[in-house]
Structure formats: structure tokens, C-alpha cells
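**Q** Next up is a structure, given as C-alpha cells.
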Amino acid sequence: FKMKDQRSTEYIREAYKLDPTNDDILSLMGQMGETPDTLKMTRRYKEESSQPDDEVDDPILQSRGCNSVKTCVAHFRSKEKRTLELDPGWSDATNRRYNLYKSRLRNTPEWSVTIPPMKTFEVAYDIFWRKFDGGKVRWEPQTFDIFTKYINSETLVIDFGTWIGPTLLYHAQISKKSIGFEVDPIAFATVEHNVNLNPGLSNKIHLESVAVTTPKDAGVTKVMGSSKAGNSEARLEHDIASQSGEIWDIEGYTLPYLMADLEISLTKQPTFIKIDIESYECELIPSFYEWLSDERDRQLTIFVSYHPQIEPCTKSQMMAAFNVFKLFETVSCGEEQRVLPIGQQTTFGEFEMMLDDSDCLTNKHNSDFVLTGVAAAEVCDSSSS
């Protein structure tokens with residue numbers, strides 16, 4: 001085997017990171033000039049890892065897909081694994097574009113924004129921010145109402161995708177701490193810049209340029225696309241990625257993995273998770289079932305925006321989401337946040353009727369659901385109609 005270019009070398013190194021025990025990959029790594037000591041160490045790791053492990057059997061980066069608190073925390077008990085940094089999976093070209101846009105933002109005029117009842121914050125000017133001129137809220141006013149209702153000075157907020165920061169810079173003013181996930185390189189450069197313009201808030205905000213995915217999508221390279229990077233419409237592996245827009249590679253992590261990495265416990269403080277990911281929620285929310293079933297003492301509120309106007313969930317996806325909804329004491333939806341009377345005996349057919357009657361899911365705009373509290377009894381599979 002002959003390495004033809006630097007790109008080939010990068011592919012082999014990425015394959016090695018994903019599976020450092022594979023003999024074929026080790027052979028290629030040897031041809032790339034790895035030392036015998038390095039390869040011996042790797043083969044020793046392979047022999048050791050072949051022994052039964054009651055807690056974790058994922059080789060290093062594959063454990064990005066761990067989907068329960070037990071397996072994720074066990075993964076981070078290893079110092080070797082704990083030192084791995086979160087990586088968005090961007091290519092060199094995407095990283096260069098991120099850095100170039102970040103440098104351009106330094107020359108962008110600052111703009112003051114006020115979203116009542118919060119204080120004014122500073123941002124790099126973008127026409128979007130004119131939606132808040134004069135203290136008026138002309139963009140998703142119900143979103144800010146939900147933040148004000150459920151977030152207080154004891155709440156840790158996890159916000160993905162956080163885009164250029166309108167939600168993040170709002171709830172950071174009332175939360176204990178706010179964490180933002182955004183994997184669009186232009187949006188991430190912008191929100192990072194905007195946070196830095198507000199030193200009074202930046203010490204309460206933590207940003208990561210990573211994608212939250214299902215276990216099956218974690219730890220592997222996926223394609224994200226948008227008609228234009230930075231426009232808040234980036235989506236994971238949908239038709240738009242193959243059209244005349246912009247695409248970039250990303251690598252995903254499960255939310256339990258990220259929370260273990262950031263040392264967040266749902267039982268130690270009230271946690272509010274905001275999810276706005278352009279229809280990928282149809283796949284993501286069902287993947288939370290195992291994780292949340294284990295967290296019976298959680299102090300958690302989930303605010304998820306569904307996007308049927310972009311791509312509606314399939315019936316099987318909604319059935320799986322319904323089982324997750326039943327893990328919560330209260331489920332509300334729509335602009336008026338009407339409470340849905342979901343009980344442990346509620347069937348999926350009855351749930352569908354509730355959605356129709358309440359107009360919670362409409363193909364005209366985002367459809368917001370808030371899940372809070374813990375259901376009184378353990379949830380069984382309720383997909384029967």
C-alpha cells in the first residue's frame with residue numbers, strides 16, 4: 001500500500017481513531033511510519049480489551065454513542081479516554097472557513113439588542129437582529145416566554161442548535177449556567193463572537209461546536225447541509241445537502257456522552273434542554289428513551305421544536321416519541337402551551353387525537369412541546385392504538 005496524498009493519510013488516521021484494534025488499520029499505520037513501540041502498545045490494548053467488560057466495551061471514540069448514564073460515566077473513568085477533546089469533525093477546508101469568518105467578524109459593527117424583560121446585550125450586526133428593534137419581539141416570542149417560565153437562577157440550560165445566539169444570550173441572563181451546541185461553522189463563529197462581546201455573560205456561557213446525534217449516528221462522519229451556512233437552516237443528511245447549497249462533514253455525540261464529558265448530572269440541579277434541530281428531532285427524541293428511563297430522579301425540562309413544515313415525522317417516529325413523552329409528568333404544546341392529558345394508560349391513537357384537537361402539529365410553522373416532571377409510574381411501551 002502506498003499513501004498517495006495527505007488526504008489518504010488523514011483517512012487512515014481517522015480510521016485508527018475509530019478502531020485502534022483493527023489489524024488492517026494497524027498494518028497501514030505501520031506503513032505510515034508509526035514506531036514499533038506504538039504498535040505494540042496498541043496491540044496490547046487490543047488483547048486487554050478482548051476480555052469481558054461489564055461496563056464498557058466500546059473502543060475509544062465509538063463510545064460517543066453511549067446512550068445511558070452508566071455506560072457514559074464508566075467510559076470517562078479512564079484518564080486516557082477522558083483527555084479526548086470534543087471534535088466537530090470539520091474538514092481542513094471547513095476549519096479554514098470558520099477561522100476566516102471569525103476574523104471578518106472583528107470588523108463587523110456592533111449592535112445593541114434588547115429582548116424584554118432582559119437587559120441589552122451586544123452582537124455583531126446582522127439584519128436578523130432588527131426583529132427586536134424598539135424592544136419588540138418579532139421572532140418566536142413564545143420561545144422567550146417559555147424560557148422565562150421554566151428557567152431561574154438555579155437552572156443549568158443546554159441549548160442546541162444555538163445558531164448565532166438569540167436564545168443563548170437571553171436565557172444566560174437568568175440561568176445558573178448556559179451551554180450552547182452549534183455545529184454550523186459560520187453560525188458557531190458568530191455566536192462565539194457575540195458571546196465574547198458580552199463579558200458580563202461570557203463567564204456563564206460554555207460553547208461547543210459539536211452535533212448531538214442518535215447513538216447510530218454518533219462517532220461516524222455525517223453530512224450536514226444548508227442552502228447557506230449560517231442561516232439557521234442546517235440539517236443533518238436531508239435532501240437539501242444534495243442540492244445547490246453548502247455541505248460540510250460533522251461527527252456526532254449522544255447527549256448522555258456530552259453530559260458525562262461536561263460532568264452534568266440531571267439529579268444534582270434543575271436542567272433545561274432546548275432542542276431546535278430542523279426536523280432531526282424526529283430521530284433524536286426517541287433515542288432518549290433508554291437514557292431517561294434510567295434517570296428516575298431527574299430534575300429535567302425538555303423544550304423541543306418539531307418542524308413538520310420542513311419534514312414531518314413518520315408514524316413510527318411519533319410512536320417512539322410518545323413513549324418518551326410518557327416518561328414526563330406534564331406535556332404541553334403549541335403557542336398557548338396547552339397541557340395534553342397524557343396518562344400511563346393513554347394509547348398512541350388517543351395521543352394522535354389530542355394532537356389533532358389541540359392543533360399542536362401544523363405544517364405552517366414550528367410546533368413546540370415542553371416536557372417536565374417525572375411520570376408517577378414506570379412507562380411501558382404504549383405504541384398500541
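**Q** Take residue 273 and decide whether it is out of contact with any Asp or Glu (no Cβ under 6 Å at 6 or more places or on another chain), of a type in the set (Val, Ile, Thr), within 25 Å of residue 316 (Cβ to Cβ) and surrounded by fewer than 22 Cβ atoms within 10 Å (Cβ to Cβ).
**A** Numbers: out of contact with any Asp or Glu (no Cβ under 6 Å at 6 or more places or on another chain): yes; of a type in the set (Val, Ile, Thr): yes; within 25 Å of residue 316 (Cβ to Cβ): yes; surrounded by fewer than 22 Cβ atoms within 10 Å (Cβ to Cβ): yes.
Against the criterion (out of contact with any Asp or Glu (no Cβ under 6 Å at 6 or more places or on another chain), of a type in the set (Val, Ile, Thr), within 25 Å of residue 316 (Cβ to Cβ) and surrounded by fewer than 22 Cβ atoms within 10 Å (Cβ to Cβ)), residue 273 qualifies.
**Q** Another question, then. If I filter the stretch 332-348 down to residues being part of a loop (DSSP other than H, G, I, E, B) and among the β-branched types (Val, Ile, Thr), which single residue comes out as least open to solvent (accessible area, probe 1.4 Å)? Step through it out loud before you land on a result.
**A** Start the filter on the stretch 332-348 by keeping residues that are part of a loop (DSSP other than H, G, I, E, B), which leaves 334-337, 341-347.
Cutting the leftovers down to among the β-branched types (Val, Ile, Thr) gives us 342, 346-347.
On the way: 342: 32, 346: 15, 347: 38 Å².
Within the stretch 332-348, the match that is least open to solvent (accessible area, probe 1.4 Å) is 346.
**Q** Across the stretch 213-223, what is the total count of residues that are under 27 Å from residue 103 (Cα atoms) and in contact with a Phe, Trp or Tyr (Cβ under 7 Å, 6 or more places away or on another chain)?
**A** 0
**Q** Can you tell me how many residues in the stretch 104-121 are assigned to a loop (DSSP other than H, G, I, E, B) and within 26 Å of the chain's Cα centre (by Cα)? Talk me through it step by step, then tell me what you get.
**A** Of the stretch 104-121, the ones assigned to a loop (DSSP other than H, G, I, E, B) are 106-109, 114-120.
Filter once more, keeping what is within 26 Å of the chain's Cα centre (by Cα): 115, 118.
Residues meeting the conditions: 2.
**Q** For the stretch 349-367, give me each residue that is open to solvent by 80 Å² or more (accessible area, probe 1.4 Å) and acidic (Asp, Glu).
**A** Selection gives 350, 356, 357, 359.
**Q** Within the stretch 346-366, identify whether any single residue is closer than 20 Å to residue 160 by Cβ and either at pLDDT 95 or above or in contact with a Ser or Thr (Cβ under 7 Å, 6 or more places away or on another chain) (or both), and answer yes or no.
**A** yes
**Q** To continue, here is another question. Which members of the stretch 77-103 meet the condition of being at pLDDT 95 or above and within 30 Å of residue 144 (Cα to Cα)?
**A** Within the stretch 77-103, 98, 101, 102 qualify.
**Q** Would you check if residue 126 is under 25 Å from residue 229 (Cβ atoms), surrounded by fewer than 21 Cβ atoms within 10 Å (Cβ to Cβ) and not hydrophobic (A, V, I, L, M, F, W, C)?
**A** On the way: under 25 Å from residue 229 (Cβ atoms): yes; surrounded by fewer than 21 Cβ atoms within 10 Å (Cβ to Cβ): yes; not hydrophobic (A, V, I, L, M, F, W, C): yes.
Yes; evaluated as a whole, the condition is true for this residue.
**Q** Another question, then. Can you name every residue in the stretch 313-331 that is in a helix (DSSP H, G or I), more than 20 Å from the chain's Cα centre (by Cα) and free of Cβ contacts under 8 Å to residues at least 60 places away in the same chain?
**A** 315, 316
**Q** Does the stretch 257-266 contain any residue that is in a strand (DSSP E or B) and under 28 Å from residue 93 (Cα atoms)? It would help to see each step written out before you state the result.
**A** Let us first name the residues in the stretch 257-266 that are in a strand (DSSP E or B), namely none.
The answer is no, given that none of the residues of the stretch 257-266 is in a strand (DSSP E or B) and under 28 Å from residue 93 (Cα atoms).
**Q** Considering each residue of the stretch 94-107, count those that are surrounded by 12 or more Cβ atoms within 10 Å (Cβ to Cβ) and farther than 30 Å from residue 251 by Cα, and give that number.
**A** Number of matching residues: 0.
**Q** Test residue 148 against the criterion of being more than 19 Å from residue 90 (Cα to Cα), surrounded by fewer than 24 Cβ atoms within 10 Å (Cβ to Cβ) and hydroxyl-bearing (Ser, Thr, Tyr), and give yes or no.
**A** Values: more than 19 Å from residue 90 (Cα to Cα): yes; surrounded by fewer than 24 Cβ atoms within 10 Å (Cβ to Cβ): yes; hydroxyl-bearing (Ser, Thr, Tyr): yes.
Judged against the criteria, residue 148 is a match.
**Q** Identify, please: which residue in the stretch 284-312 is of a type in the set (A, V, I, L, M) and in contact (Cβ under 8 Å) with a residue 40 or more places away in the chain and is, among those, most open to solvent (accessible area, probe 1.4 Å)?
**A** Pass one, the stretch 284-312, residues of a type in the set (A, V, I, L, M): 284-285, 292, 300, 302, 304, 310.
Narrowing further to those that are in contact (Cβ under 8 Å) with a residue 40 or more places away in the chain: 284, 300, 302, 304, 310.
On the way: 284: 0, 300: 7, 302: 1, 304: 0, 310: 65 Å².
Of everything passing the filter in the stretch 284-312, 310 is most open to solvent (accessible area, probe 1.4 Å).
**Q** List every residue pair whose Cβ atoms lie under 6 Å apart, where the two residues are 6 or more positions apart in sequence or sit on different chains, the first residue falls within the stretch 98-115 and is closer than 28 Å to residue 210 by Cβ, and the second residue, located anywhere, is part of a strand (DSSP E or B) and open to solvent by less than 90 Å² (accessible area, probe 1.4 Å).
**A** Pairs found: 105/124; 108/124; 110/122; 111/123; 113/121; 113/123.
**Q** Within the stretch 189-235, restricting attention to residues that are touching a residue at least 40 places away in the same chain (Cβ under 8 Å), under 28 Å from residue 120 (Cβ atoms) and charged (D, E, K, R), which residue is surrounded by the fewest Cβ atoms within 10 Å (Cβ to Cβ)?
**A** Only one residue tops the list, namely 233.
The values are calculated or read from the model by the stated rules, or taken from the named source; none is laboratory data. Since we're looking at a predicted model, the values are computed, not measured. FYI the Cβ positions are ideal-geometry reconstructions off the backbone, even for glycines, and counts take in every protein chain you see. Side chains are part of the model used for accessible areas, which takes the heavy atoms of the whole protein and leaves out ligands, DNA and RNA. Shrake-Rupley method; radii C 1.70, N 1.55, O 1.52, S 1.80 Å.
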